[in-house]
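The values are calculated or read from the model by the stated rules, or taken from the named source; none is laboratory data. Predicted, not measured: the structure shown is a model, and the values here were computed from it. Neighbour counts are summed over all protein chains in view; Cβ atoms, including those assigned to glycine, are modelled from backbone coordinates with ideal geometry. Accessible surface areas use protein heavy atoms only, side chains included; no ligands, DNA or RNA. Shrake-Rupley method; radii C 1.70, N 1.55, O 1.52, S 1.80 Å.
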There are 2 protein chains.
Amino acid sequence: MPRQVDHESRRRQIAEAVCRLADESGLEGVTLRDVAARAQVSMGAVQRCFGTKEEMLVFALTHIGERVAARVGARIAASPAQSARTALGHAATEVSLLQEEHRAEARVWLAFVAQAAVSPSLAEIVRTNYAGLQALFARLIAEATETADPERTARTLLALTDGLTTHVLIGHLTPAAALDVLDAHLNDLWGPAAA
Amino acid sequence: MPRQVDHESRRRQIAEAVCRLADESGLEGVTLRDVAARAQVSMGAVQRCFGTKEEMLVFALTHIGERVAARVGARIAASPAQSARTALGHAATEVSLLQEEHRAEARVWLAFVAQAAVSPSLAEIVRTNYAGLQALFARLIAEATETADPERTARTLLALTDGLTTHVLIGHLTPAAALDVLDAHLNDLWGPAAA
DNA sequence: TCCGTTCCGATGCATCTGCATCACTTCGTC
DNA sequence: GACGAAGTGATGCAGATGCATCGGAACGGA
């Protein structure tokens, strides 16, 4: 058993490079050569880690999805004592990737989502991520409000956060405006339901 | 002044081909050759109509934006007698491109939006479209509800429709579920505001 | 120490891409 | 009717892209 290399960490390293490139010039700016260069690795190494380009993209997308999910989870776990209202607010804010330092992640996610519309293998991963987030939202909503249909409310919130993210990326909304919209929506969720 | 050709109609014809291709294989499946073939035109003709590929994409995007806007306008104008509530519902539904026959348009739009995140010239067109739709929504909302902040409500509705469209395209939501969400949201808009 | 397996990086190759070029057709004008 | 500008479409070209290949380096076991 000669020279063993940590494949997993290398794959992550390459996935990071994919994300950086996709952030800068979209998903079509992601070529094997550029990825290799950005990851400080030879093209051969990239080809060893991933048999094909699509395989690489799938891994990168999964990688990002996990990162976002992890951050949302951490944000919720970080302050378990607070009300479910603020927990939900934090979660939704995190999903929206509104903060400047996560804008890149959002751009990459958007690029992948668009590609997923014509690529079943990517679409499946995206769906899985959305399903997870929606379930999380639904749980928080159910235990924090008397909403009749938590699932529908969760679907609404998820779609809203997604749309807001997109609109911020495009420059149609400022991050502040998006936060304002999100906050108002959450307030409406509590206000009328309690009344 | 020899042989004059109707440039505008040819440009539209090419834009249609761009959309069909983008619908099938994403925006990166749009090459000059394929566009020419799909539009039943020689590559030279395409190059004459549009000096560069980006120019062509910009035109196609504008074309789609206008089509959607026109359809929304027509939908509203078609039944002016009804309540603003249903008018708004129709407009939002139309914007969401939920109907099967407009799914292609939605896919193309999503592809362009993702590209716009890294292309200023496309982003500008997308922004213009969103601004127009938001203004329309805001107007309808203002004259139909007693909402305190019509602009914010419009922003919310627009982001929601956009998110729903995306989620339907990805397959995370069925069109019926998206319609359900949209309808419930509109109801909430009237219910609590009136109370 | 030496061998063999595993991995690496460079190079090759067929294909495709956007754009430029150029001979040719078409048609209004003189 | 001929001239010539406007428009057309085939072809050329340089560069990029994904993938395959191959000689050799690196490293664990005997």
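Worth pointing out:
- The helix-based estimate of mean residue ellipticity at 222 nm for chain A, built from -39,500 (n - 2.57) per DSSP H run of four or more residues and divided by its residue count, is -26000 deg cm²/dmol to the nearest 500.
- Neighbourhood net charge (14 Å Cβ-Cβ; Lys/Arg +1, Asp/Glu -1) for B:Ser119: -4
- Per-pair calculated FRET efficiency, R0 = 25 Å: B:Ala177 and B:Glu143 via Cβ, rounded to 0.05: 0.25
- Listed residues B:Ser79, A:Ser83 arranged by accessible area, highest first, probe 1.4 Å: A:Ser83, B:Ser79
- Average other protein chain Cβ within 10 Å of Cβ, residues A:147-158: 4
- Note on the stretch B:131-195 and the stretch A:94-172: Cα centroid distance 17 Å, given to the nearest whole angstrom.
- Solvent-accessible surface (1.4 Å probe) assigned to A:Met43 amounts to roughly 60 Å².
- Rounded D (µm²/s) - chain B, Kirkwood Rh over Cα pairs, Stokes-Einstein at 4 °C, 1.567 mPa s: 72
- For the peptide A:116-129, the mean number of other protein chain Cβ atoms found within 10 angstrom of a residue's Cβ is 4.
- Taking amide H as placed 1.01 Å from N in the peptide plane, the amide H of A:Leu173 sits under 5 Å from that of A:Val168, each at least 5 places away or on another chain.
- Max mean-square fluctuation residue, GNM over chain A, Cα-Cα springs under 10 Å, options A:Ala15, A:Ala39, A:Ala77: A:Ala77
- Shielding by partners, peptide B:104-115 (average Cβ within 10 angstrom, other chains): 4
- Modelled this way, with points 7 Å down the Cα-to-C-beta line, the labels at B:Ser79 and B:Met43 are 5.0 nm from one another.
- Relative contact order (%) - criterion: Cα under 8 Å, at least six apart; region: chain B: 20
- Three-way shape label, the protein assembly as shown, alpha-carbon gyration tensor, a/c 1.5: oblate
- Dipole magnitude for the protein assembly as shown: computed about the Cα centre from +1 point charges on Lys and Arg Cβ and -1 point charges on Asp and Glu Cβ, it is near 1080 debye.
- Between copies, B:Ala176 shows label-point distances of 4.5 nm, shortest first, with the point placed 7 angstrom from Cα along Cα to C-beta.
- Here the gap between B:Asn187 and B:Glu24, fully extended at 0.36 nm per residue and compared with their Cα-Cα distance, gives a gain of 55.1 nm.
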